[in-house]
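The values are calculated or read from the model by the stated rules, or taken from the named source; none is laboratory data. These numbers come from a predicted model, not from an experiment. Quick reminder, even Gly has a Cβ in these numbers, built from the backbone with ideal geometry, and neighbours come from all protein chains shown.
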C-alpha cells in the first residue's frame, strides 16, 4: 500500500511538473510574441504621418530622402498635404500645385512609396481650402444652413413676404468671413450662393414670448446698452463695454 501511495505521489508530481513547464512555455511564448509584435508591428499597426509639401519647395531628391527615412524608421505610411502659408522659397525652382512639374514629382513620390510598401493618403484639398478651390462652383461647394423668423396670426390666410435669411458667405448666419488668412483674398471676389430650402410653420407655445415685447432694460458698469441689439438677429453688429475704473 505504501509503495502504491508513493508511486501515486510521484505520478502527481510528474503531472504537475509537466503542466507547470507547459504553462511556463506558453507564457514565455506569449511574452516573446508580444515583444516581437511591438518591435516589428504589422503594417496595419504602424503609425502614419502628415507629409507637408510647403509652398512648392519640392525636389525629387528631397522626396527620396523623406520617403527613405520614413521606410527606415518603420512608418506605415503618410498623408500628402500641399500647403503654403508664408513659407519662403528654399529650392531653386518652386513646383506650383498641379503644374506638369508638380504632377511628375507627385507621381515619383507615389511610385517610390509603393516600392517601399508605404500607404499613401492624399488630403482633400490644396492649402487650407477645406476641400475646395477656384475650380469648385459655389453651388457645389460646402454650405451652411441659415434661417429667419416671421410671426403671423394663426387661423387665417397669410399673404406677404417672409423675412429673408442671411445670404452672405461666412461661418454662421450673417457673420462674414473671419479668417486669419483672409487678407490673402484682397482683390478677389468672395464666392456667393443662396437657395431656398424649406418653410416650416408651427404653432408657437403660449410661453414663447418675444424678448423685445417685454421691453427689457440693460444696465452695466460701462454705461447704457441698446437692448434691441440682443434680438435683432444681427451677429455682426457689436458694441464695446468700457472697463470702469478700479474702485
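Go through 201, 113 for me and flag whichever is over 20 Å from residue 236 (Cβ atoms), modelled with pLDDT of 90 or more and outside the structural domain of residue 76 (by TED's automatic domain parsing).
Values: 113 fails: outside the structural domain of residue 76 (by TED's automatic domain parsing).
The match here is 201.
For the structure I just gave you, tell me whether residue 1 is modelled with pLDDT under 95 and surrounded by 10 or more Cβ atoms within 10 Å (Cβ to Cβ). Break it down into steps so the answer makes sense when it comes.
Details: modelled with pLDDT under 95: yes; surrounded by 10 or more Cβ atoms within 10 Å (Cβ to Cβ): no.
When the stated conditions are applied, residue 1 does not pass them.
Quick one: which of 69, 51 is in contact with a strand residue (DSSP E or B) (Cβ under 6 Å, 6 or more places away or on another chain), modelled with pLDDT of 95 or more and assigned by TED's automatic domain parsing to the domain that holds residue 106? Write out each step before concluding.
Values: 69 fails: in contact with a strand residue (DSSP E or B) (Cβ under 6 Å, 6 or more places away or on another chain).
Being in contact with a strand residue (DSSP E or B) (Cβ under 6 Å, 6 or more places away or on another chain), modelled with pLDDT of 95 or more and assigned by TED's automatic domain parsing to the domain that holds residue 106 holds for just one of 69, 51, which is 51.
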